[in-house]
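In what follows, a single structure is set out as structure tokens and then discussed.
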Amino acid sequence: MKSSHLYVKYYVRITIYKPWYKPNTKHIYPLKIFPRVTLLHMYESLQPVSFSYFNRKKVHIDGHLVRAGIVPNQKLAIQINLQNPKQCVIKRIETVLIRHHQVAQHHEEHSIIRVDLPGIRDFNGTELRRIFNIRITTRRLVPSYKFIAQFNHQTYPITVKYELALKVKSHGMLTDFDIKIPI
């Protein structure tokens, strides 16, 4: 398969050791990792993703991500509509881009970026409607994917996925809440 993008080609070699009188069996599987990804051909990545949440003090936050997919060096646009009828003090809204990766039963997550949304520190108004743009850092992001490997009649899922967490911090007991949005 010819590609117009530069790529690094990796190989995975699996060696199955057998008794000395039989030759060892080797299988080589090529893996290609492309450094550039375009989302224009992926319809679902261009669609908005909506979210909504109420807390116990009647703070209601809803909105949407303008696009469900992102690439490095791109701005992530978040439309937020915040209703605060009791004028509770919202200390801040922290956004965290999290990468989850799982191989078989082992799961890890890493925070890629962590930033407070500007202009919300100690907000106590009744309403806020705004689009926030968060720049995704220049670090290379592994594309989201799902793969199931089979070995010895067992399946091993391999998954990389991302989510955006909005962590709303407000004054009062048990009033903080998190919203997790898949990307």
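Please treat every number below as a calculation from the coordinates, not as lab data. All values derive from a computational prediction rather than experimental measurement.
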Using the Cα atoms of region 50-152, I'd like the radius of gyration and the largest Cα-Cα distance, Dmax, both in angstrom. 17.3, 60
So what's region 124-183 giving for Rg/Rh, alpha carbon basis, Kirkwood Rh from the mean inverse pair distance? 1.18
Mean-position separation - Cα centroids, region 51-70 and region 111-157, in angstrom: 14 Å
Output the pairs from Lys75/Lys146; Lys75/Lys169; Lys91/Lys161; Lys146/Lys167; Lys91/Lys167; Lys86/Lys169 with a Cα-Cα distance over 21 Å in this structure; if there are none, say none. Lys75/Lys146; Lys75/Lys169; Lys91/Lys161; Lys146/Lys167
